[in-house]
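One structure is given below, encoded as structure tokens.
The values are calculated or read from the model by the stated rules, or taken from the named source; none is laboratory data. What you see is a predicted model, and the numbers here were worked out from it, not measured in a lab. Positions of Cβ are generated from backbone atoms using ideal geometry, with glycine treated the same way; all protein chains shown enter the neighbour counts. Side chains are part of the model used for accessible areas, which takes the heavy atoms of the whole protein and leaves out ligands, DNA and RNA. Shrake-Rupley method; radii C 1.70, N 1.55, O 1.52, S 1.80 Å.
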Number of protein chains: 2
Amino acid sequence: MARKLYELCGADAERRFSPFCWRSRMALAHKGLEAEVVPWRFTDTAALAFARHDKVPVLVDGDRTVTDSWAIAVYLDEAYPDAPKLFSGKPASQRFIATWADTVLNAGMARLIVSDIPPLLGPKERAYFVESREQRFGMTLEAVTANREARVPEFRALLQPLRTLLKAQPFLGGEAPDYGDYCVFGSLMWARSVSPLRLLDEADVVHAWRERLLDLHGGLARAAPCFGA
Amino acid sequence: MARKLYELCGADAERRFSPFCWRSRMALAHKGLEAEVVPWRFTDTAALAFARHDKVPVLVDGDRTVTDSWAIAVYLDEAYPDAPKLFSGKPASQRFIATWADTVLNAGMARLIVSDIPPLLGPKERAYFVESREQRFGMTLEAVTANREARVPEFRALLQPLRTLLKAQPFLGGEAPDYGDYCVFGSLMWARSVSPLRLLDEADVVHAWRERLLDLHGGLARAAPCFGA
């Protein structure tokens, strides 16, 4: 197949957990595009040298290489204008939701789930991950997530703008999902793929919305390995 | 003039401080539309009876009455499709930024500035405001804003998604402002109109962006009475 998406995975290549790779995977499905998964692991820097980049997702589409999940989404709408749109207007106008997911949601989630990741990695990636993340947090990963059950309500409070919006409309995109939905959903798939912690209250509209996203595109995301949370 | 915008004001009709009215005022200016200001105060319920509504902004445009700032923005793009667009695509796709400003920004700001508002109101509105807000917060307004200087850094941390975005593009709408910019700017105009507290660090990209917004549309917002913060 001419189209490939390099995606972060654990020791098990089916365990794909990057929030950014999930954005791109859902974006491809939204456009009705298939793309071979190229499993990529944290220390595989040489495998991305061709893209002059050191992070995934990386999309290879024929002779085009696109790095960075935001640029991939913008590219897909430009390259495939007749397929369903990821952005109904200017992508920049919808970018706030991506920066919110990056800075608020991912940061809030990391403090709850980061210690669940090392057991899913092979020895070499595990050593890299633990060292780099402990340096970032300035403490052991177990210390980062200590007492996490008690901190779930604080995390749920961060979802308030999402909750308010989802009471007014079924998707972040309105009546149908768009790239804004995939930005937030990608973060939730990260947690779901690595952690048994129950981040969402089942009575929350955000939970009901996540259920709808899990069912999209033939249940693509629901079929991914998870811990049932 | 056939077009009127009912806007919240203090004892001084020039002191207009509702974040939602500022959204609509900037939206009208963006569309190049003039609208007479109809000063409205907290207890003037009878004045809005015609609209079957109890809050401002209320737009009267010829024989059309539109309540709620979001609905006003959507209406303006529909009614004036040839004027510059407030939304480049589906309004729903850009609504997250409004719910974020409503729930995160306004709530965070209220805890810092709410006690600055009563002195700007007439006696009747002041009594209403203090009673209703003290009930909402469960404490005196002075207690709500106690020690506020020390809590400014916590407020500034809430702006992180905005900061990240504004490092990538000059406006929330991209190369030019759109309704997303006005949603966030409206909240900052609320604070600027009632409080001497310096919410933004002058070295922050958010401050530089607010400066650009203050200059828009002939310096409309910069001309409004403020405390210089």
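Give the number of residues within segment A:201-226 that are more than 16 Å from the chain's Cα centre (by Cα), surrounded by 14 or more Cβ atoms within 10 Å (Cβ to Cβ) and in a loop (DSSP other than H, G, I, E, B).
Residues flagged as more than 16 Å from the chain's Cα centre (by Cα), surrounded by 14 or more Cβ atoms within 10 Å (Cβ to Cβ) and in a loop (DSSP other than H, G, I, E, B) within segment A:201-226 amount to 1.
On the basis of being out of contact with any helix residue (DSSP H, G or I) (no Cβ under 7 Å at 6 or more places or on another chain) and not in a helix (DSSP H, G or I), does A:Val38 make the cut?
Values: out of contact with any helix residue (DSSP H, G or I) (no Cβ under 7 Å at 6 or more places or on another chain): yes; not in a helix (DSSP H, G or I): yes.
Taking the combined requirement at face value, the residue satisfies it.
Taking the condition surrounded by 20 or more Cβ atoms within 10 Å (Cβ to Cβ) and over 23 Å from B:Asp178 (Cβ atoms), does B:Cys21 pass?
For B:Cys21, the condition - surrounded by 20 or more Cβ atoms within 10 Å (Cβ to Cβ) and over 23 Å from B:Asp178 (Cβ atoms) - is not met.
Of all residues in segment B:46-75, which are touching a helix residue (DSSP H, G or I) at 6+ places or on another chain (Cβ under 6 Å), more than 14 Å from chain A (Cβ to nearest Cβ) and assigned to a helix (DSSP H, G or I)?
Across segment B:46-75, the qualifying residue is only B:Ile72.
Looking at segment A:154-180, I want the residues that are within 13 Å of A:Arg212 (Cβ to Cβ) and more than 9 Å from every other protein chain (Cβ to nearest Cβ) and have a partner that is open to solvent by 20 Å² or more (accessible area, probe 1.4 Å) and not in a helix (DSSP H, G or I) with Cβ atoms under 7 Å, at least 6 apart or on another chain. Which pairs are those?
A:Pro177/A:Phe171
Listed here are the residues, each with its yes/no results for (1) outside any helix (DSSP H, G or I); (2) surrounded by fewer than 24 Cβ atoms within 10 Å (Cβ to Cβ).
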| site | (1), (2) |
| --- | --- |
| B:Val152 | no, yes |
| B:Arg156 | no, yes |
| B:Pro161 | no, yes |
| B:Thr164 | no, yes |
| B:Pro177 | yes, yes |
| B:Cys183 | no, no |
| B:Ala191 | no, no |
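Restricting attention to segment B:82-101, and to residues there that are within 14 Å of chain A (Cβ to nearest Cβ) and free of Cβ contacts under 8 Å to residues at least 40 places away in the same chain, which single residue is nearest to B:Trp190 (Cα to Cα)?
By that ranking, first place goes to B:Thr99.
Scan segment A:51-76 and report the pairs whose first residue is modelled with pLDDT of 95 or more and whose second residue is part of a loop (DSSP other than H, G, I, E, B), with Cβ atoms within less than 6 Å and a gap of 6+ or a chain change.
A:Gly62/A:Ala2; A:Thr67/A:His53; A:Ser69/A:Pro57; A:Ala73/A:Leu86; A:Leu76/A:Lys31
Given the condition surrounded by fewer than 16 Cβ atoms within 10 Å (Cβ to Cβ) and either at positive phi or out of contact with any Lys or Arg (no Cβ under 7 Å at 6 or more places or on another chain) (or both), answer yes or no: does some residue in segment B:70-78 qualify? Give the steps one after another, and end with the answer.
Initially, segment B:70-78 is screened for residues surrounded by fewer than 16 Cβ atoms within 10 Å (Cβ to Cβ), giving B:71, B:78.
Checking which are either at positive phi or out of contact with any Lys or Arg (no Cβ under 7 Å at 6 or more places or on another chain) (or both) leaves us with B:71, B:78.
Looking through segment B:70-78, at least one residue is surrounded by fewer than 16 Cβ atoms within 10 Å (Cβ to Cβ) and either at positive phi or out of contact with any Lys or Arg (no Cβ under 7 Å at 6 or more places or on another chain) (or both).
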